[in-house]
């Protein structure tokens, strides 16, 4: 009887110990599984956050890339106009190829080497690969238009596919990237064509607000405006994109300068002295402008201007005579 009780007690002890060991093992296993799940979840969250940051960086980097490619593409197509001496009839298409491929009429141009948008996308793929991503950024359209007299808005429409090589996630979404590309310091195609490249003129905004001193009829600022070949906005004038096409109609984004006639004479450039020295009038065959005034007080003898512009440049405050 005593031996039976001892045996039962030993058996109960083993059962209790075994049960406790099993419970401890279960707790350890569950805790390990829970820890592993939590750890993997944190890794996944970190990975997705990294990829989201990469996508955000594309937004800001693409704007800089568009500005660089866009500015240099405008230089390239203006240079093409200057070399050929002809205005464009396919400005948008030429710009798109220059912007994306770095070519004008199929010829690679130096100013766009390592600066075209396709080269930016290639660099982007390399960067994505370094963090374990495959990216396909398919450009479906490139649009450009004036958003001010002094800038061109370039919009790049894309479809983006991003795949995590570790299998964390996939992204597929459309995105428009755009930025404003300055026209400052780009040559005016009108001067390039009209002077056969002998008198190039870069676009610089005038800081002159008062051309003629009302009290003294001092024309120093007006002469400075001409001598420095500055530009000002005028809705009677054509925009830069219109100038590339040789379209001299008026535009809300129109810009104009007054031609420095002595510079034309110095370079043996022929011009008509029966036309206003407003650039798009002097360098075109348009006839829908008003009569001119000559012999303007305190101005050189070659200074003639149409009456549509006398108020803007404050010539109406000076004594003058109608041109014969």
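The values are calculated or read from the model by the stated rules, or taken from the named source; none is laboratory data. Bear in mind the structure is a predicted one, so any value in this text is a computation, not a measurement. Cβ atoms come from the backbone with ideal geometry, glycine included; neighbour counts cover every protein chain shown.
Figures for the structure shown
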| item | result |
| --- | --- |
| Members of region 197-226 that are over 31 Å from the mean Cα position of the chain (by Cα) and touching a residue at least 24 places away in the same chain (Cβ under 8 Å) | 210, 211, 212, 214, 217, 218, 219, 222, 223 |
| Any hit, region 121-135, residues being in the same structural domain as residue 161 (by TED's automatic domain parsing), in a loop (DSSP other than H, G, I, E, B), buried (at least 20 other Cβ atoms within 10 Å of the Cβ) and touching a helix residue (DSSP H, G or I) at 6+ places or on another chain (Cβ under 9 Å) | no |
| Count of residues meeting criterion [over 23 Å from the mean Cα position of the chain (by Cα), in a loop (DSSP other than H, G, I, E, B) and either in the same structural domain as residue 92 (by TED's automatic domain parsing) or buried (at least 18 other Cβ atoms within 10 Å of the Cβ) (or both)] in region 238-268 | 4 |
| Flag if residue 105 is free of Cβ contacts under 8 Å to residues at least 60 places away in the same chain and on the phi > 0 side of the Ramachandran plot | yes |
| Of all residues making up region 269-291, the number that are part of a helix (DSSP H, G or I) and surrounded by fewer than 17 Cβ atoms within 10 Å (Cβ to Cβ) | 0 |
| All positions within region 80-91 that are touching a residue at least 60 places away in the same chain (Cβ under 8 Å) and assigned to a helix (DSSP H, G or I) | 81, 82, 83, 91 |
| Unique residue being within 22 Å of residue 240 (Cβ to Cβ), touching a residue at least 24 places away in the same chain (Cβ under 8 Å), in the same structural domain as residue 324 (by TED's automatic domain parsing) and touching a strand residue (DSSP E or B) at 6+ places or on another chain (Cβ under 7 Å) when the list is 281, 286 | 281 |
| Scan of region 155-190 for residues that are touching a strand residue (DSSP E or B) at 6+ places or on another chain (Cβ under 9 Å) and closer than 19 Å to residue 88 by Cα, ordered by number | 183, 186, 187, 188 |
| Residue within region 163-172 that is out of contact with any helix residue (DSSP H, G or I) (no Cβ under 6 Å at 6 or more places or on another chain), in contact (Cβ under 8 Å) with a residue 40 or more places away in the chain and surrounded by 14 or more Cβ atoms within 10 Å (Cβ to Cβ) present | yes |
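To keep it simple, each residue is scored yes or no on (1) under 23 Å from residue 304 (Cα atoms); (2) part of a strand (DSSP E or B).
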site	(1), (2)
158	no, yes
163	no, yes
172	no, yes
177	no, yes
184	no, no
197	no, no
207	yes, no
223	yes, no
